1. Select from region 109-123 the residues that are free of Cβ contacts under 8 Å to residues at least 60 places away in the same chain and out of contact with any helix residue (DSSP H, G or I) (no Cβ under 6 Å at 6 or more places or on another chain) and list them in ascending order.
2. Within region 278-301, which residues are over 12 Å from the mean Cα position of the chain (by Cα) and either at pLDDT 90 or above or within 16 Å of residue 51 (Cα to Cα) (or both)?
């Protein structure tokens, strides 16, 4: 039992180390004004206030003011100096937060205790939302104890069965997040069930097409390879056995899944069987959207905020350079 306990402690330390690096980097940039949408339970309100205490965000709470204040009192959370913008219910809070983003009042959206689809309905509204020319997609930023790299998995939450054009945007969103959070040039594995191209498995054909799109400059900023089966993407020994020659295989940093079902199962397998932490962020809108879950650890919530802060800071600096 002692040996097992020691192994668990080592895994915990390794897990925290990857997120700690992101959080430390985010503390080195200017805090980002963040619209926290409907933080009406302890978990969501505490998460926002902890991120504020760590100087990651400057929270603006949007939702029923009396209810937010009551939650704070019940759980002894100080709201001193925190701006609260009253909205009667969750749908109204989402709409108001999007309106405030459009008015330049914030650089990040953060999900509170409302349902994800309520928030994303306001974000993706064709008339009043925050859509851009880029497809909106989700990235899990994962800290897997048994893997040496921070691991991105995309898209496992927004696009159900994306076509090739959507996958191009999904890949580019993930690469941009990786590079703009200061992690360098990512190795991107386009996943399928096998590592050879076959018309019988359409995802292998799309993987090959995405790699050729990268060759032609339609996807930039990363090193792509695919199709790759999961073992070939992350296990050097599997790569050696298969005789695969690749800069990506065996040490991928971004895993692009064929569809939401595969991605969601992969992410949850890593969370529940490999004891991974999973931060979450939505990209492709005018601002990054932090998606948190009640099941998230404090560390995962802080990592979600850190990634969004680094991404928003990089975008702010790019805009400043472009304006000169």
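1. 115, 117, 121
2. As a first pass, look at region 278-301 and keep what is over 12 Å from the mean Cα position of the chain (by Cα): 285-287, 293-299.
285, 286, 287, 293, 294, 296, 297, 298, 299, listed by residue number.
To keep it simple, each residue is scored yes or no on (1) in a strand (DSSP E or B); (2) modelled with pLDDT under 95; (3) in the same structural domain as residue 148 (by TED's automatic domain parsing).
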{"position": "11", "(1), (2), (3)": "no, yes, no"}
{"position": "15", "(1), (2), (3)": "no, yes, no"}
{"position": "33", "(1), (2), (3)": "yes, no, no"}
{"position": "44", "(1), (2), (3)": "no, yes, no"}
{"position": "62", "(1), (2), (3)": "yes, no, no"}
{"position": "70", "(1), (2), (3)": "no, no, no"}
{"position": "96", "(1), (2), (3)": "no, no, no"}
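The values are calculated or read from the model by the stated rules, or taken from the named source; none is laboratory data. All figures in this text were calculated on a predicted structure; none of them were measured in a lab. Neighbour counts run over all protein chains shown; Cβ positions are idealised from the backbone, glycine included.
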